[in-house]
Amino acid sequence: MATQLFKRAIAKPLSKLTQVNEKHIIKNLQTPKIQLQHQFGLPVPKLLPEGQKNAVAYSQELAGKFEPNTYIEKATAVGPFLQFDVRPSEYIKSTLTQVLKEKDKYGCHTLPEKKTVIIDYSSPNIAKPFHAGHLRSTILGNFIKRIHDANGYHTIGINYLGDWGKQYGLLAIGFEMFGEEGELEKDPIHHLYEVYVKINALAKDDTEIDKRANAYFKKMEQGDETALIQWRRFRELSIDSYKQIYKRLNIDFDYFSGESQTESYIPKVYEMLNKYGLMETTDDGASIVNLEAYKLGKPIIQRADGTSLYMTRDIASILLRRQLFGDFDKSVYVVGIEQELYLKQLFKISELINHHDPSWPTDLYHANFGRVMGMSTRKGTVVFLQDILDTAQEHMLENIKNGNQFKMDELDDLNNVADKLGASAVLVQDMVAKRLKNYQFSWDRMTSARGYTGVYLQYTHARLCGIERNSNISFDMDADTSLLKEKEAFELALTISQLPDITQSACQTMDPCILVQYLFKLAHVTSQANNILRVKGADTKTAEARLLLFWAAKTTLANGLNLLGIDPLNRM
Ligand code: ARG
């Protein structure tokens, strides 16, 4: 990494001066901040030799002794803190060299050994509304998968569909009464939802229907083919149309799993929990795991009538995943805050199982997130992902046609651009603030070209592509970067150089807002540089160097957008 070069240029001489190990110094060096200080910082108390107590005095002594080198211009003592100023031209050069070398991999890392992470996200329930929680799980989960890929992990993305349980017996009965083949083929997600709403309304006052639903599901559980045929169709048609919608968001799953897939593992769950003495039977005949000692209640594992529950199936799905993918290092559940207690219970049960079977995974992580308020589409308040994307696209089409945001290039495919812009708007709105925060859904805010929006980031990217298109020279790989003398060029290079650190911390925290905020900073600094560093009209050598700088900014922005699941637009 470019910054590594500078860290070594500090650590090496400093190690000689202090007898402190280079690695230790590098570990404590703070990289230039996002606020664009072109200095590395070092807290001197971390280097204090035995007997030396005065960090301020020691800091001054070291600053006086530190000799400038190729990369570092000077060292200054600020209280118990050392600051090292980098040489701008060297910093620009090494940053651009790195981007040139790594291109679309710039910002990515490798791991010394392969680690596998399972990410469970989106996971809607067939026939039920795709609510705001699913929207966030889809968007955040996709990011969490991509950021792990970029950090060298082997990832497995699972869509754990809600596709099993009594309600699918009810749905089958509902379909006999209200279903229409044509509608099902045309739009399974909406049609099944309609049927589901109607049959639930009926079942509310009719216990007969409830009984029939139970009986139907029991047949499904026993593997009765005639009962399963209908359910399988609902499931497959739903998955097919989900896939089309996910494609608009660049989302791909490695595995469409679901609660139904755990069925054959359920007896093993009972057997295992019994063997480890973790199951207790209550007075009314249900079986529970007692987690009172951990203040986590007594989750039911098996109903008195012998049927399984959501919890049983989640434990079974761990068995299934181990079977399918072998041992994994981490498992991330991207689920809303409503299931916080539930997941704590699941994780605690895993820990208890692990006491008996040390190979049982315990690195289970809840990627929690806040609520979305006021989400509705033009069609009304029950929200499906497709309707959200359609509405976003409509908004963007209107904005473009009214020309009230920006001047569009001539576009061959307006609908496609509007769709991509709409998706960017939805995605960035969801990731711009801390993952745990609630937010207010707003069409106007998110589709605006101003402010912290996906449209603004896309606009910056398209503009950077435009700089290349409109210049009559092509940028040169060997451009003379020493011609980039302006402070705007240095600031842009500094910002570009931060991407690798940003991708690392965004992975550790699994919070995309770190990356989104960084991309806004990059867009802002790019536009400042673009005002000053004209390509047109500059002499050829300078123009080449500037083009290289803007190409690196474009590459950095594009790589960042891709990590968010956004397809960067070349024209808009
Ligand atoms: N289908 C569930 C719901 O809509 C979410 C599933 C989350 N994943 C899991 N392994 N429990 O609430």
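The values are calculated or read from the model by the stated rules, or taken from the named source; none is laboratory data. Bear in mind that the values here come from a model prediction, so they are computed numbers and not experimental data. Glycine gets a Cβ as well: all are built from the backbone with ideal geometry, and neighbour counts include every protein chain shown. For accessibility, only protein heavy atoms count, side chains too; no ligands or nucleic acids. Shrake-Rupley method; radii C 1.70, N 1.55, O 1.52, S 1.80 Å.
The ellipsoid equivalent to the alpha-carbon distribution of the chain has semi-axes of 51, 33, 17 angstrom, derived from the gyration tensor eigenvalues as √(5λ) and listed largest first. Extents of segment 35-174, taken as max minus min of Cα coordinates on every principal axis and listed largest first, are 84, 40, 31 Å. Across segment 97-103, computed HN-Hα scalar couplings (Karplus, 6.51 cos²θ - 1.76 cosθ + 1.60, θ = phi - 60°) run 4, 5, 5, 4, 6, 9, 6 Hz from first to last residue, x flagging Gly and Pro. Largest first, the extents of the alpha carbon coordinates of segment 381-523 on the three principal axes equal 57, 41, 20 Å. When the Cα atoms of segment 134-244 are aligned to their principal axes, the ranges along those axes come out at 54, 30, 26 Å in descending order. Round to a whole angstrom and tell me the spacing of the C-alpha centers of segment 447-485 and segment 27-98. Measuring centre to centre over Cα atoms gives 32 Å. Spacing of the modelled spin labels on K298 and E468, each 7 Å from Cα toward Cβ, amounts to 6.5 nm. In straight Cα distance, which aspartates and glutamates are under 18 Å from K485, not counting same-chain residues fewer than 8 positions off? Partners within reach: E73, D85, E90, D476, D539, E544.
Mind checking the per residue accessible area of segment 530-572 for me, 1.4 Å probe, whole number of Å²?
Heavy-atom SASA per residue in segment 530-572 reads 35 Å².
Legend: calculated FRET efficiency, S527 to E194, from the Cβ-Cβ distance at R0 = 45 Å, rounded to 0.05, equals 0.40. Net length available on complete extension from K434 to T307 is 41.8 nm, with 0.36 nm assigned per residue and the Cα-Cα distance removed.
Find how much the distance from T97 to Q4 grows on full extension, using 0.36 nm per residue of separation minus their present alpha carbon separation; answer in nm with one decimal.
Taking 0.36 nm per residue and subtracting the Cα distance, the gain is 32.2 nm.
A Förster radius of 51 Å, combined with the Cβ-Cβ distance separating D210 from D567, puts the computed FRET efficiency at roughly 0.65. When DSSP beta bridges are restricted to pairs lying wholly in the chain, around 45% turn out antiparallel. For the chain, with all protein chains present and a 1.4 Å probe, just round the carbon and sulfur fraction of the accessible area to a whole percent. Carbon plus sulfur share of accessible area: 48 percent. Among the GluC sites (Glu not before Pro) in segment 132-241, those placed in a DSSP loop whose Cβ has at most 14 other Cβ atoms within 10 Å are E180.
Where Lys and Arg each count +1 and Asp and Glu each count -1, what net charge lies around L561 among other residues with Cβ under 12 Å from its Cβ?
Numbers: positive: R146, K420, K554; negative: D104, D567.
Every neighbour counted, the sum reads +1.
Label separation (F325 vs K115): 1.4 nm, computed from points 7 Å beyond Cα along the C-beta direction. The convex hull built on the alpha-carbon positions of segment 510-549 has an orientation-averaged projected area of 3.2 nm². Less than 5 angstrom separates the built amide H of G152 from those of H109, all sequence-distant by 5 or more or on a different chain. Here are some pairs, K105/K521; K101/K437; K93/K114; K105/K401; which of them have Cα atoms lying more than 27 Å apart in this structure? As for pairs spanning more than 27 Å Cα to Cα, those are K101/K437; K93/K114; K105/K401. Loop-located trypsin sites (Lys or Arg not before Pro) across segment 106-170 with a Cβ neighbour count of 16 or fewer within 10 Å are K114, K115, with loop assigned by DSSP. Taking the alpha carbon gyration tensor of segment 27-110, multiplying each eigenvalue by 5 and rooting it gives semi-axes of 30, 15, 10 Å, largest first.
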